[in-house]
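Asks: Here's a structure for you.
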């Protein structure tokens, strides 16, 4: 079946550091790829998405590029802030009935001032 | 615009008691609806999804059940809660082939 693997962390960075959270996937066909963010005590919010190979999703300084050749969708940000501390989930949307999402285990990011 | 509501926000229940969590969506019609559980410090587990009224698909065997009595209402139930049912329950919706949007979640503690 389809699956998503991501570094589980926790990841601890200093403010203004560069962030990379790796995400790789296994899927049949051509899934859409997503990054969601979950702040403490809240539900998940869509951060960015990409629907086809070589697409780059971006939002709030975060970027991720859909790499079909390496089946990856790594999340990057050039300069993190304390307010970016959260759990980040990589996900794919399956094709077919229900078009369910498959989520990675999440990566907890802590940014220190 | 579309919004998704879940209630209650927090619930403490004794083992063996029943459960009913409700999720409603506004501003859209015929959405796909989903229930997820997130155990403490862990990822998301898809429990149920529905593509229409009365149509429920279960992803994992367990003592929970789901129902969709109306187009934009999705209910998660249990007749007898277990300790292992504690967690953060998230409802989500999507239009066909579109992004999934999540509700604020219900934190359930079974004692």
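The values are calculated or read from the model by the stated rules, or taken from the named source; none is laboratory data. Since we're looking at a predicted model, the values are computed, not measured. Using ideal geometry, Cβ is built from the backbone for each residue, glycine included, and neighbour counts are taken over all protein chains shown.
Asks: Considering (1) under 17 Å from residue B:78 (Cα atoms); (2) at pLDDT below 95; (3) not in a loop (DSSP other than H, G, I, E, B), say which one residue B:21 fails and leave the rest.
Replies: Here residue B:21 meets the rest and fails (2).
Asks: For the stretch A:12-21, indicate whether the set of residues that are under 27 Å from residue B:34 (Cβ atoms), touching a strand residue (DSSP E or B) at 6+ places or on another chain (Cβ under 7 Å) and part of a loop (DSSP other than H, G, I, E, B) is non-empty.
Replies: Taking every residue of the stretch A:12-21 in turn, none turns out to be under 27 Å from residue B:34 (Cβ atoms), touching a strand residue (DSSP E or B) at 6+ places or on another chain (Cβ under 7 Å) and part of a loop (DSSP other than H, G, I, E, B).
Asks: Which ranges mark the strands (runs of 3 or more DSSP E) fully within the stretch A:42-113 that have 1 or more residues being under 11 Å from the mean Cα position of the chain (by Cα), within 13 Å of chain B (Cβ to nearest Cβ) and over 27 Å from residue B:40 (Cβ atoms)?
Replies: Of the strands (runs of 3 or more DSSP E) lying wholly inside the stretch A:42-113, those with at least 1 residues that are under 11 Å from the mean Cα position of the chain (by Cα), within 13 Å of chain B (Cβ to nearest Cβ) and over 27 Å from residue B:40 (Cβ atoms) span A:44-50, A:56-59.
Asks: Give the residue, chosen from A:92, A:112, A:48, A:75, that is touching a strand residue (DSSP E or B) at 6+ places or on another chain (Cβ under 9 Å), surrounded by 15 or more Cβ atoms within 10 Å (Cβ to Cβ) and over 18 Å from residue B:43 (Cβ atoms).
Replies: Exactly one residue qualifies, and that residue is A:48.
Asks: Within the stretch A:12-41, which residues are loosely packed, with under 15 Cβ neighbours inside 10 Å, under 15 Å from residue A:88 (Cβ atoms) and modelled with pLDDT under 95?
Replies: Across the stretch A:12-41, the qualifying residues are A:39, A:40.
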